[in-house]
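The values are calculated or read from the model by the stated rules, or taken from the named source; none is laboratory data. Remember, predicted model here, so these are calculated numbers, not experimental data. Cβ sites come from the backbone with ideal geometry, for glycine too, and all protein chains shown count toward neighbours. Areas reflect the complete protein model, heavy atoms only, side chains present, ligands, DNA and RNA absent. Shrake-Rupley method; radii C 1.70, N 1.55, O 1.52, S 1.80 Å.
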Amino acid sequence: PPPINEPRNAVYPNGTQQHLPHTIIIGVRKGGTRALLEMLSLHPDISSAETEIHFFDWEDQYRKGLQWYVSQMPFSYPHQLTVEKTPAYFTSFKVPERIYNMNSTIKLLLILRDPIERVLSDYTQVYYNHLQKNKSYPPVEDLLLKNNELNTNYKAINRSLYYSFMENWLTYFPLENIHIVDGDYLIRNPFPEIQKVERFLNLSPQIKASNFYYNRTKGFYCLRDSGRERCLHESKGRAHPRINSFLLEKLREYFYEPNKKFFQLIGRTFDWL
Ligand code: A3P
């Protein structure tokens, strides 16, 4: 493989080159960002970075500069769009301005899902991260409640306050440059959501309904590409803890106004709880 840290315009014999991303999946964490990236990558004109780069949100990465950022990008053909996804960008306060300074007209992809479902997914992810390290993690109720009231300091709850982050993004980018993918629809029926993304990115319509098939065992759609079938990693699509109706009601009450504010901000509604 070619060495990293090559000058930006180095061209390799097969005609590929590294580029700054043409589009970025900015989040939200647990929204379905991996599914979106994998599904979009079915398109031959998409070249995607494999790992989460955390360039704009981690200080030690950002300090390395744009040249380093480019060196993290995949080698792509001239007709391809480069895409990276780092779900933490959406909720990181400094990121919008930093992306704006790189490219003020960049098209951004944001995948959201029901804020309450996102909280439970976030909890589940952290729970399993602990389990892997043989560490214990409290039951979800212990984190969601404090003195029998909703613990609004819990990070997972905060990250679901979409409007508070969106306001910041919209001071830098016009709404029409941020395409919001409905993460709940993407789970239930991915093809129409992906078609919308193709159109937003001005890609030719090359992803087909036949690229998706429902896998009963997984309980999710999986991908079929040139005859090869694959599902997302087992860490994607895990069962969430069940919460009692008292807690669910608390969460519903809590998110009611913020959700409404978010819908007003973006001029669109979602069928969240
Ligand atoms: P859960 O594992 O909580 O169900 P991210 O990639 O941003 O971390 O998002 C993970 C979520 O993507 C999963 O959360 C899952 O619900 C969702 N998802 C969407 N489409 C999926 C698919 N086809 N296969 C597996 N997970 C999918």
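To the nearest 10 Å², what's VAL11's accessible area with a 1.4 Å probe?
90
Each residue of the range 87-98 in order: what ³J(HN,Hα) in whole Hz does its phi give by Karplus 6.51 cos²θ - 1.76 cosθ + 1.60, θ = phi - 60°, with x for Gly and Pro?
Each residue's phi maps through the Karplus curve to give x, 6, 4, 4, 9, 9, 5, 7, 5, x, 4, 5 Hz.
Taking the Cα centre of the range 202-244 as origin, work out the dipole magnitude from +1 charges on Lys and Arg Cβ and -1 charges on Asp and Glu Cβ, in debye rounded to 20.
Details: 9 positive and 3 negative charges, 28 e Å.
Computed charge dipole of the range 202-244: roughly 140 debye.
If the only charges are +1 at each Lys and Arg Cβ and -1 at each Asp and Glu Cβ, what is the size of the charge dipole of the range 107-179 around the Cα centre, to the nearest 20 debye?
On the way: 8 positive and 8 negative charges, 65 e Å.
Dipole of the range 107-179, to the nearest 20 debye: 320 debye.
For the full complex of protein chains and a 1.4 angstrom probe, list LEU81, LEU109 by accessible area with the highest value first. Numbers along the way, then the final one.
Numbers: LEU81 40, LEU109 0 Å².
The most accessible residue leads, giving LEU81, LEU109.
In debye to the nearest 20, how big a dipole does the chain give about its Cα centre with +1 on each Lys and Arg Cβ and -1 on each Asp and Glu Cβ? List each step's numbers first, then the result.
Details: 34 positive and 29 negative charges, 75 e Å.
It comes to approximately 360 debye.
In the range 217-273, which trypsin sites (Lys or Arg not before Pro) fall in coil by DSSP and have 12 or fewer other Cβ atoms within 10 Å?
Values: sites: LYS218, ARG224, ARG228, ARG230, LYS236, ARG238, ARG242, LYS250, ARG252, LYS260, LYS261, ARG268; in loops: LYS218, LYS236, ARG238, ARG242, ARG268.
Passing both the DSSP loop test and the Cβ count: ARG238, ARG242, ARG268.
Identify the chymotrypsin sites (Phe, Trp or Tyr not before Pro) of the range 35-80 meeting these criteria: DSSP loop state and at most 15 other C-beta atoms within 10 Å of the C-beta. Each step should come with its number before you reach the end.
Working: sites: PHE55, PHE56, TRP58, TYR62, TRP68, TYR69, PHE75; in loops: PHE55, PHE56, TRP58, PHE75.
Passing sites in the range 35-80 are TRP58.
If the cut-off is 30 Å between C-alpha atoms, which lysines fall inside it for LYS133, apart from same-chain ones fewer than 8 positions away?
The reachable lysines, counting only those whose Cα sits under 30 Å from LYS133, are LYS30, LYS85, LYS146, LYS155, LYS218, LYS236.
Please list, by residue number, every one of the GluC sites (Glu not before Pro) in the range 152-238 that is coil in DSSP and has at most 16 other beta-carbon atoms within 10 Å.
Values: sites: GLU167, GLU176, GLU193, GLU198, GLU229, GLU234; in loops: GLU234.
Answer by residue number: GLU234.
Any idea what the alpha-carbon Rg over 2.2 N^0.38 Å comes to for the range 74-142? Each step should come with its number before you reach the end.
On the way: Rg = 17.3 Å, N = 69, 2.2 N^0.38 = 11.0 Å.
That works out to 1.57 for the range 74-142.
In whole Å, largest first, what are the principal axis extents of the Cα atoms in the range 128-189?
Principal-axis extents of the Cα atoms in the range 128-189, largest first: 43, 30, 22 Å.
With Kirkwood's inverse mean 1/r over C-alpha pairs for Rh, give me the Rg to Rh ratio of the chain, two decimals please. Mind showing how you got there, number by number?
Details: Rg = 19.4 Å, Rh = 20.0 Å.
Computed over Cα atoms, the ratio is 0.97.
Most mobile of PRO138, PRO96, PRO78 per a Gaussian network model of the chain (Cα springs, under 10 Å)?
PRO138
Compute log10 of I(q)/I(0) for the range 133-273 with the Debye formula, placing one identical point scatterer on every Cα and leaving out solvent, at q = 0.16, 0.17 Å⁻¹, to two decimals.
Each listed q corresponds, in turn, to -1.13, -1.19.
Tell me the mean residue ellipticity at 222 nm calculated for the chain from its helices only (DSSP H runs of n ≥ 4, each -39500 (n - 2.57), averaged over every residue, nearest 500). Can you show the working numbers first?
Working: 11 runs with 101 residues, N = 273.
Only helices count here, giving -10500 deg cm²/dmol.
Mind listing the phi-derived Karplus ³J(HN,Hα) values for the range 30-41, rounded to whole Hz, using 6.51, -1.76 and 1.60 with θ = phi - 60°, and x for any glycine or proline?
So the J values, rounded to whole Hz, are 6, x, x, 5, 5, 4, 4, 5, 5, 5, 5, 5.
Considering amide H positions built from the backbone, and no H for Pro or chain starts, which residues 5 or more places from ILE178, or on another chain, come under 5 Å of its amide H?
LEU108
How large a share of the accessible area of the range 26-106, in percent, is made up of carbon and sulfur atoms when the probe is 1.4 Å and the other protein chains stay in place?
Details: 1600 of 3260 Å².
The computed percentage sits at 49.
Once phi is turned into ³J(HN,Hα) by the Karplus curve 6.51 cos²θ - 1.76 cosθ + 1.60 with θ = phi - 60°, what whole-Hz value does each residue of the range 67-80 show in order, with x for glycine and proline?
Each residue's phi maps through the Karplus curve to give 4, 5, 4, 4, 5, 8, 8, x, 7, 9, 7, x, 7, 8 Hz.
Could you tell me how many degrees, from 0 to 90 and to the nearest 10, lie between the Cα long axis of helix 115-132 and the main elongation axis, the longest principal axis, of the Cα atoms of the chain?
The helix 115-132 is inclined about 80 degrees to the chain.
Using Cα atoms only, what is the angle between the long axis of helix 245-266 and the major principal axis of the chain, expressed in degrees (0 to 90) to the nearest 10?
It is inclined by approximately 40 degrees.
Give me the accessible area per residue for the chain, probe 1.4 Å, as a whole number in Å². Could the numbers behind the result be given before it?
Values: 14090 Å² over 273 residues.
Accessible area per residue, the chain: 52 Å².
I'd like the accessible area for LYS196, computed on protein heavy atoms only with a 1.4 Å probe and all protein chains in place. Round to 10 Å², please.
80
If we restrict to alpha carbons, what Rg and Dmax does the range 103-207 come to, in Å?
Over the range 103-207's Cα set, Rg and Dmax evaluate to 17.6, 54 Å.
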